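The values are calculated or read from the model by the stated rules, or taken from the named source; none is laboratory data. Predicted, not measured: the structure shown is a model, and the values here were computed from it. Because the Cβ atoms are built from the backbone with ideal geometry, glycine has one as well, and the counts that use them run over all protein chains shown. All accessible areas refer to the heavy atoms of the entire protein, side chains included, with ligands and DNA or RNA removed. Shrake-Rupley method; radii C 1.70, N 1.55, O 1.52, S 1.80 Å.
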Amino acid sequence: MYIANVLQPLIDACQWILEFWHDLIGGSWGWAIIFMTFTVRLAILPLTFKGVKSMQRLQTLQPEIKKLQERYKDDKQRMNQEVMAFYQREKVNPLGSCLPLALQIPFFISLFYLLRSPEFKADIASNPSFGPIPDLAEKITDPVLLGVLIVLYVGTQLAASAVTAISADPTQRRIMFALPFVFVIFIVNFVITIRQKPTAT
């Protein structure tokens, strides 16, 4: 599969991190997955700080941006061009604050492939369950459990966004709070596609 081939280095990295935490904490694959998530968060922490600085920088530039918007309010295309040129002159990326959240998606997809691989299923054969999840290597068929996990994902992402978006302007806050819901749609569609593909071939 093309996506799996492209993400293979990241899948291998996820497998190495999982095995490291599994061996370190005494054999729980569930906790290894949780600690791998923390590892990913720590790895992108510098980008998170950079995103916060970008938001703070944009906040200080808001008066100038509003002047441009007022000056070219009758010409939307010119206004957008002038605003983007202003961002380039000031070396500010208006979407920089969203990058840490977006970078997590390849890790989630890689973890999905890793958990479905025959090698991983063989590794966890003696320790497949974790809490309410009966089998970490199989898809969740219980709609209640699936809904709870989605709510937990969205809730944690919104909490993280709330912390980093304190100094953001209203547009950035809306984008950051909307991204977790958008990612849920992509993840659900991705899972459905993966599940249907074997039956279609």
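Somewhere in the stretch 165-175, is a residue among the hydroxyl-bearing types (S, T, Y) and at pLDDT below 75? Yes, because at least one residue in the stretch 165-175 is among the hydroxyl-bearing types (S, T, Y) and at pLDDT below 75. Scanning the stretch 39-48 for residues that are under 20 Å from Y87 (Cβ atoms) and either out of contact with any helix residue (DSSP H, G or I) (no Cβ under 7 Å at 6 or more places or on another chain) or β-branched (V, I, T) (or both) yields a count of 0. What helices (runs of 4 or more DSSP H), lying completely within the stretch 62-126, carry at least 2 residues that are open to solvent by less than 40 Å² (accessible area, probe 1.4 Å), farther than 24 Å from A43 by Cβ and free of Cβ contacts under 8 Å to residues at least 24 places away in the same chain? Filter on the stretch 62-126 gives 76-90.
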